[in-house]
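Okay, structure first, notes after.
The values are calculated or read from the model by the stated rules, or taken from the named source; none is laboratory data. For clarity, every value in this text was computed on a predicted model and none was experimentally measured. When we count neighbours, we look across all protein chains shown, and the Cβ atoms used for this are built from the backbone with ideal geometry, even at glycine.
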C-alpha cells in the first residue's frame, strides 16, 4: 500500500522541539513529547467592540467589519433618527445625517460607495420608495424603488448593482434590481416576508429567516441567481429581525427574535446552515455587516421595546488569539479618595496626589494631602504633600520625577483658597517649585516636569471664576501666555506635550452646573491654539492620556449631569467611540497616565473611591501549536 508521503507528496518531520516559526497548517512529530503537533487551528468567536454613539433599534447599514455605516433607527420615547455613524474597526464616529428620519432602511455597498433605500418615514407617516447614494461624507438622492416598503433584504450587492427583496408593510415578495441608474422588477420571492438576514451579490445571493405570513418567524432560505429565487437550506432556528451578511457560499446570520431575543449565530456554505459561536448579548432589530462568515459585525438593536443597545460585537475566525481592547480592574489606590486628584506616569511607574473625600465643599474639611506611587504592580503610600489640595494638576513621565501644581486648599470651615504653589517629588521627599503666574484650580495640563502647559481652570478672587488663561513652565518659572484659550473653561481634559497638545471637553459656565459639558476640541502648538473637530459627546471632568495625534478620553459628566463611562479616541483629526470604563465616574485623576493604547484611570467621583482601571488596546498573538489525538 502506498504511504502518506507517496499519496500526498509530503513527509511529517520528526523534531526534538516545536519549531519557533511554524506556519499555519504545518504538522510535525515532537519526539521529546511523543505528540503529533499542528500549528494554527482556526477559532471562531465574537469579541466586544466600542459602543455606538446612539443606542437604537431597527437601523439600516452596509459596509464591512472595519468600514461600516449605520443609518437611522428608533430611539427612546420613541424617537426616530436620521443619524449616520461610521465604524472604523475601533470605534464609531458621527457622519452626515440621512436626508430624513427613518427606520427599517436597507442598504448595500461600502462606506465610501453605498446605497440605502426604503424604510418607514414618520413624516409623512408611511413606508418610502426613496433611495440615496453615499460617498463616505454626503448623501445624494437616487432613483426611487417601484414599490415602497421597509425591512427588505440587506447587504446584497454594490452601490451600482444592488438587490432589494421582500419587505413590508404589508408583507411583500417583490424583488427589484438596481443598475446604478434605475430600479427594475425581477423574480419574486416564493414566500413574502420581511426582516430577514441576507447577503451576496445581485446574481448570487441568499435571504434567510424573517417574518412570514403565518405570522411569526420562519427558517426558510431562498437563493437568487440573477433571475429567480429557489429553495436553499433552512436555518437551524427560525428567527425574525435577525441580521446577516456575506456571499452565498460563505454567509452568516445572527441574533433576531425567536420570538425571544436570540444570541445564535449560523454559517451558510451555499447548501447547509451550521451552528457557530453565540453573541455575548442576545438581541434583535439590530444591524449587521461584513465580508463573509469569518469577518462580520453586529451592532445596536434591542432587548425590549425600550431597552435599546449601542453594543458592538465583531465576529472573527482566526488562528490567532485576539484580546479585545478594554478597561479592566487594577489594584486600588493605597489611600482613600473620591476624586479631583492629580496623577501622572505610565503603566509601570506613576504618582498620585491630593483629592478630596466626600462630602466636599465649603463647610467641610475634606481636602487631602495624601500621595502614593505605583510600580506597575501595587500602589504604596508616600509622605504627604506639604498642603492639602484638590483639583490640582500633575505631570511627570515616570516616578520619582513628579510635579504637582495649582488646585484648591480649604484652611477654614467656609472658605476656599486657590493655590499658586507647586511641589516636586524626588522619590523620597517633597520640595517646593516656582509659583504659578496666577492661581488655578481644575484646568487641564500636560507636558513634562520641565516643560508644562496648563489651560483654563477656576481662579481667585472671591469664590472663583472660570478662566481662559494659558500658563507655561520652562523649568525655571511660570508665565502667562499672550494667547488665551478660545473660551473660559474648567474641567477640561488634556494630553500631549508643551508644544503639541490637545485640550477637550470641559465646563464653560452657565446655570445649572453641571449641565453644560462641551464637545470643544482645541490643539496647541506651543504658541497658538486652533479649533479641531468636536468630541462625540459633550463632557466635563473628563481625563485623558496619550498624545496630540493619539489621545484617549475616559469618564466625565455629560450634558444631562450624569457620570459617564464612555471612552473616546482622537486621531489628530476626529473623535470616535472607544471601549468604556467598567464604572462610570467623573473627575478621574488629572494628568496623563500612559498612552492611548495603555493607561490607568485613577479614582474619580461617583462611588468609585480609590478605584483604578487599566486600559489595554486590542492584541493578537499567534495561537500555540496543538497536539493531534490519534485514535
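What the table below lists for this structure:
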| quantity | calculated |
| --- | --- |
| Filtered residues of region 289-306 (kept if in a strand (DSSP E or B) and more than 15 Å from residue 75 (Cβ to Cβ)) | 289, 290, 291, 292, 295, 296, 297, 298 |
| Residue within region 220-243 that is modelled with pLDDT under 95 and in contact with a strand residue (DSSP E or B) (Cβ under 7 Å, 6 or more places away or on another chain) present | no |
| Test: residue 526 is under 22 Å from residue 340 (Cα atoms), part of a loop (DSSP other than H, G, I, E, B) and in contact (Cβ under 8 Å) with a residue 12 or more places away in the chain | no |
| Subset of region 533-563 [under 16 Å from residue 499 (Cα atoms) and surrounded by fewer than 24 Cβ atoms within 10 Å (Cβ to Cβ)] | 546, 547, 548, 549, 550 |
| Hits in region 290-301 (condition: over 12 Å from residue 47 (Cα atoms) and more than 17 Å from the chain's Cα centre (by Cα)) | 290, 291, 292, 293, 294 |
| Residue count, region 317-334 (criterion: buried (at least 18 other Cβ atoms within 10 Å of the Cβ) and within 20 Å of the chain's Cα centre (by Cα)) | 3 |
| Unmet requirement for residue 345, which otherwise passes all of (1) buried (at least 18 other Cβ atoms within 10 Å of the Cβ); (2) closer than 16 Å to residue 587 by Cα; (3) modelled with pLDDT under 95 | (2) |
| Unique match (being under 28 Å from residue 470 (Cα atoms) and at pLDDT 95 or above) among 411, 400, 434 | 434 |
| Residue list for region 133-152, restricted to those being closer than 24 Å to residue 210 by Cβ, without any contact (Cβ under 8 Å) to a residue 40 or more places away in the chain and part of a strand (DSSP E or B) | none |
| Residues of region 541-567 satisfying the condition of being more than 13 Å from the chain's Cα centre (by Cα) and part of a strand (DSSP E or B) | 543, 544, 545, 546, 551, 557, 558, 563 |
| Per-region count, region 568-605, residues in a loop (DSSP other than H, G, I, E, B) and surrounded by fewer than 22 Cβ atoms within 10 Å (Cβ to Cβ) | 10 |
| Residue 531, sole failed condition from (1) in a strand (DSSP E or B); (2) without any contact (Cβ under 8 Å) to a residue 24 or more places away in the chain | (2) |
| Selected residue (only one of 207, 161, 165 is touching a residue at least 40 places away in the same chain (Cβ under 8 Å), buried (at least 24 other Cβ atoms within 10 Å of the Cβ) and within 21 Å of residue 132 (Cα to Cα)) | 165 |
| Qualifying position, being at positive phi, touching a strand residue (DSSP E or B) at 6+ places or on another chain (Cβ under 6 Å) and at pLDDT 95 or above, among 150, 157, 107, 180 | 157 |
| Subset of region 111-130 (residues that are surrounded by fewer than 18 Cβ atoms within 10 Å (Cβ to Cβ) and closer than 19 Å to residue 201 by Cα) | 112, 113 |
